Amino acid sequence: MVKNIKGSIPHVLLMLYLLAILFPFLFVIFSSFKQDNNEIALNPFGLPSTWVFNNYVEAWVNAKIGTYFWNSMYISVLSSVGTIVLGAMFAFAITRMRHRKWSMLLYSLILAGMLIPNNALMLPIYLLVRKLGILDTHLALIIPYVANAIPFTIIILAAFMRSLPGEIEEAAVMDGLRAPGIFARIVIPLTVPAIVTVFIVNFLGNWNEFLLANYFLSTDKLRTLPVGMVQFRDQYQMNYAQMSAGIVYSVVPVVVIYAILQEKIIEGVTAGSVKG
């Protein structure tokens, strides 16, 4: 009896943890279908008396959530892809270099880049972006996003590439493949689980980033979703029903991407930790 109780404790804790995660999400979903702020205040945790689907239409069109949504999607995807392209090439180079000392030096410099707080780089990045003449353009976000995610990307991909069997590449060399062919036709396909993991992490960071997007973009049609949500106000008061609909819009892409790629994410997290 005591053993059964002890065995059920982890399951109970996991259920409580699951409820703690789902409860705010369900609250936002139910609120997004309610009529107005009064209904949310009087019945905050109950089902809507009338399911108002028009909140999503109003949020998408009138509150410009659609514009902000596609701006965030475009910037996040492009930045994540650019980071993976550059990070994968660099990771392949430092893991296949003949001179181990130079490889370790470059790897150490990459690690050192992760020690610098992002907030400390805010002013230098702003001055650089202004000098390049790309302030108030999407490039003002894409370039810093790529640069900021490069160290993490290289560390994860390099660890995964080191775990790949060397015999595969030796066989490719015997078949006449050079370094670019080995990288594109052998290493990249085998590194897909780690690439997917890195893509998701970088995408989430770019999708939720607020500080740079708030200061570097002043034109309304260029703003991203986190900044647009802050601007989500009507003339007199906050419309919490439509704001909840906007929050749902911001969460759905992340949930969908994770649901589709979750197996690759788990495989990428675990596979690189085992040699061979």
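The values are calculated or read from the model by the stated rules, or taken from the named source; none is laboratory data. Given the structure is predicted, the values throughout are model-derived calculations rather than measurements. As a convention, Cβ positions derive from the backbone with ideal geometry for all residues, glycine included, and neighbour counts pool all protein chains shown. Surface areas here come from the heavy atoms of the whole protein model, side chains and all, with no ligands, DNA or RNA. Shrake-Rupley method; radii C 1.70, N 1.55, O 1.52, S 1.80 Å.
Observations on the model:
- Scanning region 45-60 for residues that are more than 32 Å from the chain's Cα centre (by Cα) and in contact (Cβ under 8 Å) with a residue 24 or more places away in the chain yields a count of 0.
- Yes/no for K64 being basic (K, R) and not assigned by the TED database to the domain that holds Q231: no
- Y249 modelled with pLDDT under 85 and either crowded, with 20+ Cβ neighbours inside 10 Å or not β-branched (V, I, T) (or both): no
- Residue check for F33: at pLDDT 90 or above, closer than 23 Å to F203 by Cα and of a type outside the set (G, A, S): no
- Some residue of region 215-223 being assigned to a helix (DSSP H, G or I), touching an Asp or Glu at 6+ places or on another chain (Cβ under 7 Å), modelled with pLDDT of 80 or more and over 24 Å from N118 (Cα atoms): no
- Pairs linking a residue in region 19-35 that is touching a residue at least 40 places away in the same chain (Cβ under 8 Å) to a residue that is of a type in the set (F, W, Y) and loosely packed, with under 14 Cβ neighbours inside 10 Å, with Cβ atoms under 6 Å and 6 or more positions apart or on different chains, are F33/W51.
- Residue within region 107-124 that is over 30 Å from N208 (Cβ atoms) and either without any contact (Cβ under 8 Å) to a residue 24 or more places away in the chain or loosely packed, with under 11 Cβ neighbours inside 10 Å (or both) present: no
- Where helices (runs of 4 or more DSSP H) fall wholly inside region 125-182, the ranges with 3 or more residues that are at pLDDT 85 or above and open to solvent by less than 40 Å² (accessible area, probe 1.4 Å) are 139-162.
- Residue, farthest from F232 (Cα to Cα), within region 8-45, restricted to residues that are open to solvent by less than 60 Å² (accessible area, probe 1.4 Å), assigned to a helix (DSSP H, G or I) and not acidic (D, E): S8
- Test for Y74: is it open to solvent by 20 Å² or more (accessible area, probe 1.4 Å) and either assigned to a helix (DSSP H, G or I) or in contact (Cβ under 8 Å) with a residue 24 or more places away in the chain (or both): yes
- Scanning region 44-103 for residues that are among the charged types (D, E, K, R) and at negative phi yields E58, R96, R98, R100, K101.
- Residues that are open to solvent by less than 30 Å² (accessible area, probe 1.4 Å) and over 23 Å from M104 (Cα atoms), drawn from region 183-200: P193, V196, T197, I200
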